[in-house]
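Values in this text are rule-based calculations from the coordinates and carry no lab data. Fair warning: this is a prediction, and the values are worked out from it, not measured in the lab. A quick note on method: Cβ atoms are made from the backbone with ideal geometry, for glycine too, and the neighbour counts reach across all protein chains shown.
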Ligand SMILES: [Zn+2]
């Protein structure tokens with residue numbers, strides 16, 4: 001298949017949150033680069049893509065996914081290739097994969113092998129996040145400087161937090177020296193032994209171990225205290241409780257380079273989703289309460305939480321089709337996140353499209369340094385990573401149709417609004433949604449094959 005060198009996106013609402021651009025324009029792409037963005041009709045003898053009624057956004061970025069690759073366990077939960085295909089199907093052009101693989105991403109060889117498989121897959125761009133400690137065991141330092149040099153764009157032991165304060169201090173210092181970012185999974189493990197869902201009366205009634213909210217806030221506050229004198233870029237993953245939003249707000253007001261992320265499930269579901277021992281709602285950190293959702297939304301509205309991330313976590317069916325206490329934590333998110341964010345934030349009046357897209361483009365790029373590659377924004381001369389969004393497409397979430405290997409999704413059957421109509425990476429259409437909008441399809445289909 002010869003690569004498509006040129007493409008003209010016609011008549012879409014072009015939103016670039018980084019520059020504040022929000023105008024109906026044409027966008028000309030040539031050789032993987034944005035050549036022109038113009039409010040006057042561009043005419044070029046190249047394939048056209050009709051974007052009328054659609055949003056033309058910088059390619060969406062998800063800085064928190066689990067691709068289970070490498071995997072020597074034989075579970076076949078996901079691969080870099082299947083995960084990257086799921087990413088473009090959901091509108092994401094760049095994703096960051098977490099290091100809780102088998103083996104963990106704690107040496108140069110594994111970092112390089114992931115980059116190699118991502119490039120061979122040729123779907124979304126995939127950037128590895130490498131471990132802070134060897135094997136994510138929290139006991140000995142990983143070679144952080146070398147991992148960053150090899151291509152890791154962030155450091156995390158995600159799946160676990162780093163519990164040992166002395167170790168955490170050393171990790172933060174090295175992350176700061178490497179000019180990278182530390183992404184913390186905030187969970188004090190001494191408070192969550194045997195825990196399966198939010199601590200409270202529902203957990204008691206269901207006979208399940210309770211996960212106290214303090215487990216998150218304690219580690220977050222400890223980290224922010226440790227980081228006061230270090231000043232590393234610090235990013236708190238998947239915030240679930242109101243107190244964490246307060247802790248992050250205080251640190252940011254004191255000038256710390258601290259950021260935080262919110263996930264679709266923590267914006268839309270409460271612990272009540274665990275009723276009837278519904279294992280699809282089992283996730284780490286657990287689903288909380290409606291007042292926590294309100295606090296996270298307030299944090300987003302105030303600009304305390306600046307990043308939306310899915311925590312896409314595929315698991316084989318048998319690990320969910322078991323009793324709640326033994327079931328796996330996590331849910332897939334890449335292919336339904338966009339309309340879920342829309343429902344939680346736009347339909348609820350918290351944000352409008354430009355502000356929401358900022359949390360999915362320029363802000364996650366800033367956290368991970370992908371902004372230095374020109375990603376997360378849409379501008380002349382920049383890489384043509386673009387997501388064309390039909391904001392009003394209505395559809396029903398059907399995990400059996402996902403390109404991810406994971407089918408574990410608590411939003412199965414939900415009627416949603418908004419969808420990526422096409423996903424363009426480096427000027428190439430990597431995904432195009434079949435649509436009722438016959439006019440939206442690229443006119444010359446042959447260029448897609
Ligand atoms: Zn995590």
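Here the peptides 363-372, 125-134 are ranked by packing, the mean other Cβ count within 10 Å, and the order with the highest first is 125-134, 363-372.
The label-point distance for residue 401 and residue 109, in a model that sets each label 7 Å from Cα toward Cβ, rounds to 4.3 nm. Of the peptides 344-351, 10-17, the order by per-residue mean of other Cβ atoms within 10 Å, starting with the highest, comes out as 10-17, 344-351. Between residue 165 and residue 321, residue separation times 0.36 nm minus the direct Cα-Cα distance comes to 52.5 nm. Distance between the C-alpha centres of segment 141-195 and segment 368-405: 28 Å, rounded to the whole angstrom. If R0 is 25 Å, what FRET efficiency do you get for residue 214 and residue 350 from their C-beta distance, rounded to 0.05? In this case the efficiency is close to 0.40. Using a ≥ b ≥ c from the Cα gyration tensor of segment 59-373 (square roots of the eigenvalues), is it rounded, prolate or oblate, where a/c under 1.5 gives rounded and otherwise the larger of a/b and b/c decides, a/b for prolate? Rounded is the answer for segment 59-373, as its axis ratio a/c remains below 1.5. The relative contact order of the chain comes to 21 percent, based on Cα pairs under 8 Å that sit 6 or more residues apart. Counting only alpha carbon atoms, the long axis of helix 214-226 and the longest principal axis of the chain meet at about 80°. Here the label points at residue 24 and residue 278, each 7 Å from Cα along the C-beta direction, are separated by 4.1 nm in the simple model.
The sum of -39500 (n - 2.57) across all DSSP H runs of n ≥ 4, divided by the residue count of the chain, sets its helix-only mean residue ellipticity at 222 nm to -7000 deg cm²/dmol.
Tally the DSSP beta bridges in segment 59-373 and give the antiparallel ones as a percent, rounded to 5.
Around 5 percent of the beta bridges assigned by DSSP in segment 59-373 are antiparallel ones.
Taking only Cα atoms, what is the 0 to 90° angle, nearest 10, from helix 165-178's long axis to the longest principal axis of the chain? The helix 165-178 is inclined about 30 degrees to the chain. Between residue 291 and residue 72, residue separation times 0.36 nm minus the direct Cα-Cα distance comes to 74.7 nm. Compared with the direct C-alpha span, the chain from residue 190 to residue 116 gains 22.9 nm at full extension, assuming 0.36 nm per residue. When you count the other C-beta atoms within 10 angstrom of each residue and take the mean per peptide, 195-201, 380-386 line up highest first as 380-386, 195-201.
Taking label points 7 Å from Cα along the Cα-to-Cβ direction, residue 301 and residue 134 give a separation of 4.9 nm. Computed from Cα atoms, the angle from the helix 290-301 axis to the main principal axis of the chain rounds to 50 degrees.
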